[in-house]
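For reference, the structure discussed in these notes is given below.
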Amino acid sequence: MDPTSEQLLWMYEKMVEIREYEETMAKVYLEGKLPPKIQKGLAFDIGAGPVPGEMHLAAGQEPVAVGVCAHLKAEDAVVGAHRPHHFAIAKNVDLNAMTAEMFGKVTGLGRGKGGHMHLFDPAVKFSCSGIVGASAPQACGAALAAKKLGKDWVAIGFFGEGAANQGAFHEALNLASLWKLPVIFVCEDNKYGISVEKQDSTSIESNADRAAGYGMPGVLVETNDAVAVFRAAGDAVARARRGEGPTLIEVKTDRYLGHFQGDPETYRPKGEAQELRTHDPIPALGALLRARDLLDDAGDARLRQAVSARVEAAYAFGRNSPYPEPSEALLHVFAD
Amino acid sequence: MTTDTKVRTLSMAQAISEAVAQEMERDQRVFVMGEDVGKYGGIFSATTGLLDKFGPERIMDTPISETGFMGAAIGAAAEGLRPISELMFVDFFGVCFDQIYNHLAKNTYMSGGNTKYPVVITTGIGGGYNDAAQHSQCLYGIFAHVPGLKVVVPSNAYDAKGLMTAAIRDDNPVVFMYHKGIMGLSWMSYFEGSTNAVPLEPYTIPFGEAKVVREGRDLTIVTLSQMVQKAVLAADTLAAEGIDVEIIDLRTLVPLDRESVLRSVAKTGRLLVADEDYLSFGVSGEIAAIVAEHLDSVKLKAPIRRLAVPDVPIPFSRPLEQFAIPQVDGIAAAVRELMQLNLN
Ligand SMILES: Cc1ncc(C[n+]2csc(CCOP(=O)(O)OP(=O)(O)O)c2C)c(N)n1
Ligand SMILES: [Mg+2]
């Protein structure tokens, strides 16, 4: 299935938005974390600044998020992992509330309790987790619910190639296939799990081949390209909606930044990230849009301006929102 | 310790990796496996430099398969090897606890003492840097609750080296829990009292011996891990106010040095337990119970007080996290309040 003009433009705009969001975060995150205003002797202080804690950014991995989410409705569930922003943005999670969450503000998705790895937006059925491998079984549950409720909803479990070595992944695949669940497992192969290269962690070249062991289709998307992901995801989502069961998709994608911000990346060959950026999927899709007369320079500028305005507004909202009262720490352990 | 022993100032991370390196040199059966322990040197630097020294056969980066490599540690230990198995954050115990509590902890017992499992699990604990609910817990209470696991919770580099050496030489499973905020990392603020003088020569610190970190007359703080460093700072403030606090660093939870707790509380008559784990059903309750069981010999002047995480997951936002995890000021305030209370 090929994307319509509208879908192409949507994917392009979302990719631009994700990239701008992540690059802005990379800068904002550094505020307050560098010498001299931190403890003497430190090079960096992870707990300082307006956005403290770990920060995993997805610049370079935009095609996976938009190529899949282009097929989704608000009722379709997405479960992401510790690197969740691109999925969240592509699933139309409220950008202001998501950003406020990372600033730890009371206006955040979780009133500041969750932070960047723990974003929950039930309005668009988005959630994620900092525990590697946790998403696949939970996506099965959302799919099981759709089936029990008689809906044509699907569920997506996103995770990295590193997570595909967790038992949870393998159990989820078996379960999904056994119960013919409308779930799509989407593995982002960005080559690394922190410092460990895929070839040093994974017994098989492509995780897509693992699907055969569970009796479901496995699809390898070999290029970090939104349209290629769109096609693979389109087939999988259609199959799921028809009640024919799960699909596993692996996408070869690129991580432009460190595993987390502040990662010394000494394990990475020098210049690798630079080289990856020469295959940037955003200008590539822009060129396709231009070739089809769907975009010109003026249109691109307008689109980028609108995206910047949204992203800036979200960061301003996060920054300027109030913190929760400290005693709010005691609330919400249980549902009311 | 001989007088010509070379002593340097080391961070806790350096002390731990030194202990591991020296034991690996001493004993070919010792090896390390875990996520990012090789090229990266351990996310919290507990294995920095070891890959270069010992190579990938003995410093093994694993897939993200905690059940797999924790179970492998058990199997390898049963064959006579001495694995050190790193669980990057203790919070991840959830994906592999079956191997740990149903097997590693119980196999020796279930075999009637006929098998042994000299495994050291190293793991990062604790919050204070806004890493939220899945990356900030202490959870030593859970590990200590399960019979069959020794639990080590050092507060400083000197103790960490001696305890790590003892852990590796122990024939039993040892869970070695290092608080991230006292490792002396270059990218996370830490309590500087944790970086201290460490002899180059290998040495052991026996398990089950608490340390009196500071002697005092008026009140006992029983504590462990990073909270020891917080208690020391609180005690300095309180000393200026004329309150003389004694601090007991438990150092190991299993075995637990009950005598040192009782001796100190018998002397001061006042007990505050300062703990970064959850309040209920945990370490602070255990310490309080030990004192309560000895009220015939220990005369309390005031009720026992416990400071711990108030039974909520660790929140992300800074003001919330500072509220949930006991801080230096909170310890000082609790001590002042306790000094005002009298049982009769
Ligand atoms: C159960 C568990 N083990 C280990 C970690 C630590 N950790 C966080 S991200 C990560 C690497 C994940 O690699 P991958 O799944 O490929 O995702 P990527 O970071 O590349 O997006 C690891 C080991 C964790 N969060 N949870
Ligand atoms: Mg990866």
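Laid out as a table, the results:
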{"item": "Residue among A:Ala134, A:Ala164 that is within 14 Å of chain B (Cβ to nearest Cβ), within 12 Å of ligand 1 (Cβ to nearest atom) and open to solvent by less than 10 Å² (accessible area, probe 1.4 Å)", "result": "A:Ala164"}
{"item": "Region A:155-181 residues that are closer than 20 Å to A:Asp254 by Cα, paired with ones that are within 15 Å of ligand 1 (Cβ to nearest atom) and open to solvent by 30 Å² or more (accessible area, probe 1.4 Å) (beta carbon under 6 Å, 6 or more apart)", "result": "A:Gly162/B:Ile64; A:Ala163/A:Val132; A:Asn165/B:Pro63; A:Asn165/B:Ile64"}
{"item": "Candidate set from region B:314-344 (those that are outside any helix (DSSP H, G or I) and open to solvent by 20 Å² or more (accessible area, probe 1.4 Å)); member that is farthest from the other protein chains (Cβ to nearest Cβ)", "result": "B:Asn344"}
{"item": "Qualifying residues in region A:137-149 (those that are in contact with a Gly (Cβ under 9 Å, 6 or more places away or on another chain) and open to solvent by 40 Å² or more (accessible area, probe 1.4 Å)) - the one farthest from ligand 2 (Cβ to nearest atom)", "result": "A:Lys147"}
{"item": "Selection count, region A:150-161, where residues are away from chain B (no Cβ under 14 Å) and either near ligand 2 (Cβ under 9 Å from one of its atoms) or surrounded by fewer than 24 Cβ atoms within 10 Å (Cβ to Cβ) (or both)", "result": "4"}
{"item": "Counted residues, region B:162-198 - those being within 30 Å of A:Leu34 (Cα to Cα) and more than 14 Å from chain A (Cβ to nearest Cβ)", "result": "5"}
{"item": "Filter result (of a type in the set (A, V, I, L, M) and closer than 10 Å to B:Ser155 by Cα) within region B:178-205", "result": "B:Ile182, B:Met183"}
{"item": "Filter pass, A:Met102 being away from ligand 2 (no atom under 16 Å from the Cβ), open to solvent by less than 10 Å² (accessible area, probe 1.4 Å) and either within 16 Å of B:Ser317 (Cβ to Cβ) or in contact with a helix residue (DSSP H, G or I) (Cβ under 6 Å, 6 or more places away or on another chain) (or both)", "result": "yes"}
{"item": "Test: A:Glu197 is surrounded by fewer than 19 Cβ atoms within 10 Å (Cβ to Cβ), closer than 14 Å to A:Ala164 by Cα and within 16 Å of ligand 2 (Cβ to nearest atom)", "result": "yes"}
{"item": "From the options B:Glu86, B:Glu35, B:Glu66, B:Glu23, residue that is open to solvent by less than 10 Å² (accessible area, probe 1.4 Å) and facing chain A (nearest Cβ under 10 Å)", "result": "B:Glu66"}
{"item": "Residue in region B:38-48 that is part of a loop (DSSP other than H, G, I, E, B), surrounded by 24 or more Cβ atoms within 10 Å (Cβ to Cβ) and free of Cβ contacts under 8 Å to residues at least 40 places away in the same chain present", "result": "yes"}
{"item": "Whichever residue in region A:13-33 is without any contact (Cβ under 8 Å) to a residue 60 or more places away in the chain and not in a helix (DSSP H, G or I) and, among such residues, is surrounded by the most Cβ atoms within 10 Å (Cβ to Cβ)", "result": "A:Gly32"}
{"item": "Residue list for region B:222-245, filter: more than 23 Å from B:Met177 (Cα to Cα) and either hydroxyl-bearing (Ser, Thr, Tyr) or open to solvent by 10 Å² or more (accessible area, probe 1.4 Å) (or both)", "result": "B:Asp236, B:Thr237, B:Ala239, B:Ala240, B:Glu241, B:Gly242, B:Ile243, B:Asp244"}
{"item": "Sole residue being within 14 Å of chain B (Cβ to nearest Cβ), open to solvent by 20 Å² or more (accessible area, probe 1.4 Å) and without any contact (Cβ under 8 Å) to a residue 24 or more places away in the chain, chosen from A:Pro322, A:Pro326, A:Pro283", "result": "A:Pro326"}
{"item": "From the options A:Ser177, A:Ser203, residue that is more than 14 Å from ligand 1 (Cβ to nearest atom), facing chain B (nearest Cβ under 10 Å) and either modelled with pLDDT of 95 or more or surrounded by fewer than 19 Cβ atoms within 10 Å (Cβ to Cβ) (or both)", "result": "A:Ser203"}
{"item": "Failed condition for A:Ala88, given (1) in contact with a His (Cβ under 8 Å, 6 or more places away or on another chain); (2) away from chain B (no Cβ under 14 Å)", "result": "(1)"}
{"item": "Filter result for the condition that a residue is closer than 24 Å to B:Tyr278 by Cα, among the polar types (S, T, N, Q) and open to solvent by 10 Å² or more (accessible area, probe 1.4 Å), over B:Ser189, B:Ser155, B:Ser194", "result": "B:Ser189"}
{"item": "Single unsatisfied condition, B:Glu18 versus (1) within 14 Å of another protein chain (Cβ to nearest Cβ); (2) open to solvent by 20 Å² or more (accessible area, probe 1.4 Å); (3) not in a loop (DSSP other than H, G, I, E, B)", "result": "(1)"}
{"item": "Some residue of region A:4-12 being touching a Cys at 6+ places or on another chain (Cβ under 6 Å), more than 14 Å from chain B (Cβ to nearest Cβ) and part of a loop (DSSP other than H, G, I, E, B)", "result": "no"}
{"item": "Condition met for A:Ala309 (closer than 30 Å to A:Lys148 by Cα, part of a helix (DSSP H, G or I), more than 16 Å from ligand 1 (Cβ to nearest atom) and away from chain B (no Cβ under 14 Å))", "result": "no"}
{"item": "Pair list, Cβ < 7 Å and 6+ apart or interchain, from region A:258-275 residues that are more than 9 Å from chain B (Cβ to nearest Cβ) to residues that are of a type in the set (A, V, I, L, M) and surrounded by fewer than 17 Cβ atoms within 10 Å (Cβ to Cβ)", "result": "A:Gln261/A:Ala26"}
{"item": "Every residue from region B:190-202 that is more than 16 Å from B:Val232 (Cβ to Cβ) and either part of a loop (DSSP other than H, G, I, E, B) or of a type in the set (Ser, Thr, Tyr) (or both)", "result": "B:Leu200, B:Glu201, B:Pro202"}
{"item": "Exclusive hit being open to solvent by 10 Å² or more (accessible area, probe 1.4 Å) and of a type in the set (D, E, K, R), set A:Glu62, A:Glu75", "result": "A:Glu75"}
{"item": "Search result, residues across region A:118-128 that are open to solvent by 10 Å² or more (accessible area, probe 1.4 Å) and either at the interface with chain B (Cβ under 8 Å from one of its Cβ atoms) or without any contact (Cβ under 8 Å) to a residue 40 or more places away in the chain (or both)", "result": "A:His118, A:Phe120, A:Asp121, A:Pro122"}
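The values are calculated or read from the model by the stated rules, or taken from the named source; none is laboratory data. Note that this is a predicted model, so its numbers are computed, not measured. No Cβ is skipped: glycine too gets one built from the backbone with ideal geometry, and neighbour counts run over all protein chains shown. Accessible surface areas use protein heavy atoms only, side chains included; no ligands, DNA or RNA. Shrake-Rupley method; radii C 1.70, N 1.55, O 1.52, S 1.80 Å.
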